[in-house]
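To keep things clear, I will list the structure first and then write my remarks on it.
The values are calculated or read from the model by the stated rules, or taken from the named source; none is laboratory data. Everything numeric here is computed off the predicted structure, so don't read it as measured data. Cβ placement follows ideal geometry from the backbone for every residue including glycine, while neighbour counts extend to all protein chains displayed.
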RNA sequence: GGGGCUAUGGUGAAAUGGUUAUCACAGCGCUCUGUGGAAGCGCGGUCGUGGGUUCAAUUCCCACUAGCCCCCCCA
């Protein structure tokens, strides 16, 4: 008695994308591609693994992503590599490494790639998930931010999703942020005992994060918080103002959200998210992004102000399904089914089938089956228009029976004419 | 890292502390090596894993694992 082997499951939080779901993926990717290519973005792929150091430097050591969510492994040679938790850092590394800084700027790039974060899986959140990322590198203009936000919004809209808002804020830059952080510190100093344990840590490590804490007590506190807009220096303020003016012009609905900050350290100035009107929980964010003027310098490049966003594909697809948005089917229904009987016919069937492929006629067959009954049953289930019956007799005298499935009318046709005959009848 | 719910053929469900675990759908095979949509019959589960309670566990208890969901956080 042989024992059955235990079956193996996919790792926690990782899922198969099954054939029946492919139509959603193709739909979303096609929409994104069409839109972005038109706007001059070029596709880039980077390795799944990067030096761990890249994310330490780019994403920030104090962030949750780096502190507790990275899949890090050591190579036999002793290097520390990490499955990328996000795309921007890797793409900027590729930008520098491949000398894209000599290209005309801005360099506009996009990618659709799997990202990996070791956190608790739940709705719309997986340990391996695909991100569509879009980056405009080397342009500090407010128009770039506005265009990116516009594109993000158009992307959502083009999918058929309605009632989404852009939430937007500015978190300043190196010159004005310190003053704001100091004010924030002063504000919280006396009130810290009212806030949650996490926020007490954040107070020391990343005080900006106090603003978007979801704890009730902290929410209360942050209502009264001095707002960053009032502390932006002249340049940042003008930049932000102009972004908003562009958005007004482009008719992108936005909501100023002074509590919007980002979980990654590299952001400066503009930050934004796209959320459904009815649900503003963290995991319903469909797109998030912002400007990162200092990132490339952090990675050893020269001053290259840039901006971008990312969108979780699984989340988008979940949303499409929830909103009952229909997407086109991928596979056309086959038109013809080839039924074969007997060894000789079966052998000849291979090339016959191929001649239908060459002629562009969508054909199916089941060479493994022998009985005419079971083959016709499949033909029927596939709802083909014609069945071709190719038996011993036909194989011998080079003919084939063409059966119209609806009527059951059959006709014997010379083998060399069958492809043309089927094509002709499919047209009429 | 914390919490809630769940785990029975491929799928969806049922029942049960005690011979052979039930049903529907799907799959495959046969009735049917020359004609489909129908019908009939058959095949397929060591009841997630490990331990405990018990004469006896798929059933009760515990742990683990996984799934779903929530907090945290992110896309």
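Looking at segment A:171-190, can you tell me whether even one residue there is within 13 Å of RNA strand B (Cβ to nearest atom) and closer than 28 Å to residue A:227 by Cα?
Yes - at least one qualifying residue is present in segment A:171-190.
Against the condition more than 10 Å from RNA strand B (Cβ to nearest atom), within 30 Å of residue A:29 (Cβ to Cβ), outside the structural domain of residue A:146 (by TED's automatic domain parsing) and surrounded by fewer than 20 Cβ atoms within 10 Å (Cβ to Cβ), how does residue A:364 come out, does it pass?
When the stated conditions are applied, residue A:364 passes them.
Among the candidates A:243, A:229, A:252, single out the residue that is part of a helix (DSSP H, G or I), under 28 Å from the mean Cα position of the chain (by Cα) and modelled with pLDDT of 75 or more.
So the residue among A:243, A:229, A:252 that is part of a helix (DSSP H, G or I), under 28 Å from the mean Cα position of the chain (by Cα) and modelled with pLDDT of 75 or more is A:243.
Failed condition for residue A:99, given (1) out of contact with any helix residue (DSSP H, G or I) (no Cβ under 9 Å at 6 or more places or on another chain); (2) surrounded by 15 or more Cβ atoms within 10 Å (Cβ to Cβ), with all others met?
(2)
Of the numbered conditions (1) within 14 Å of RNA strand B (Cβ to nearest atom); (2) at pLDDT 80 or above, residue A:219 satisfies every one except a single condition; which is it?
Exception for residue A:219: condition (2).
Within segment A:185-222, work out how many residues are under 28 Å from residue A:146 (Cα atoms) and touching a helix residue (DSSP H, G or I) at 6+ places or on another chain (Cβ under 6 Å).
Summing the residues that are under 28 Å from residue A:146 (Cα atoms) and touching a helix residue (DSSP H, G or I) at 6+ places or on another chain (Cβ under 6 Å) in segment A:185-222 gives 6.
Please tell me if residue A:114 is in a strand (DSSP E or B), closer than 24 Å to residue A:262 by Cα, within 16 Å of RNA strand B (Cβ to nearest atom) and within 19 Å of the chain's Cα centre (by Cα).
Spelling it out, residue A:114 is indeed in a strand (DSSP E or B), closer than 24 Å to residue A:262 by Cα, within 16 Å of RNA strand B (Cβ to nearest atom) and within 19 Å of the chain's Cα centre (by Cα).
Listed here are the residues, each with its yes/no results for (1) more than 10 Å from RNA strand B (Cβ to nearest atom); (2) closer than 22 Å to residue A:412 by Cβ; (3) assigned by TED's automatic domain parsing to the domain that holds residue A:412.
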residue	(1), (2), (3)
A:346	yes, yes, yes
A:353	yes, yes, yes
A:356	yes, yes, yes
A:369	no, no, yes
A:376	no, yes, yes
A:383	no, no, yes
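Results for (1) surrounded by 21 or more Cβ atoms within 10 Å (Cβ to Cβ); (2) outside the structural domain of residue A:69 (by TED's automatic domain parsing); (3) over 21 Å from the mean Cα position of the chain (by Cα); (4) assigned to a loop (DSSP other than H, G, I, E, B), shown as yes or no for each residue.
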position	(1), (2), (3), (4)
A:258	no, no, yes, yes
A:263	no, no, no, yes
A:283	no, no, no, no
A:289	yes, no, no, no
A:296	yes, no, yes, no
A:302	no, no, yes, yes
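Identify the residue in segment A:304-325 that is more than 21 Å from residue A:130 (Cα to Cα) and in a loop (DSSP other than H, G, I, E, B) and, among all such residues, is nearest to RNA strand B (Cβ to nearest atom).
Checking each candidate, the answer is A:324.
Of all residues in segment A:391-401, which are near RNA strand B (Cβ under 8 Å from one of its atoms) and outside any helix (DSSP H, G or I)?
A:391, A:401
Just a yes or no: is a residue in segment A:397-405 at positive phi and surrounded by fewer than 16 Cβ atoms within 10 Å (Cβ to Cβ)?
Yes, some residue in segment A:397-405 is at positive phi and surrounded by fewer than 16 Cβ atoms within 10 Å (Cβ to Cβ).
Give me the helices (runs of 4 or more DSSP H) completely within segment A:124-214, filtered to those with at least 3 residues that are more than 28 Å from residue A:48 (Cα to Cα) and free of Cβ contacts under 8 Å to residues at least 12 places away in the same chain, ordered by residue number.
The qualifying helices (runs of 4 or more DSSP H) are A:177-189, A:197-205.
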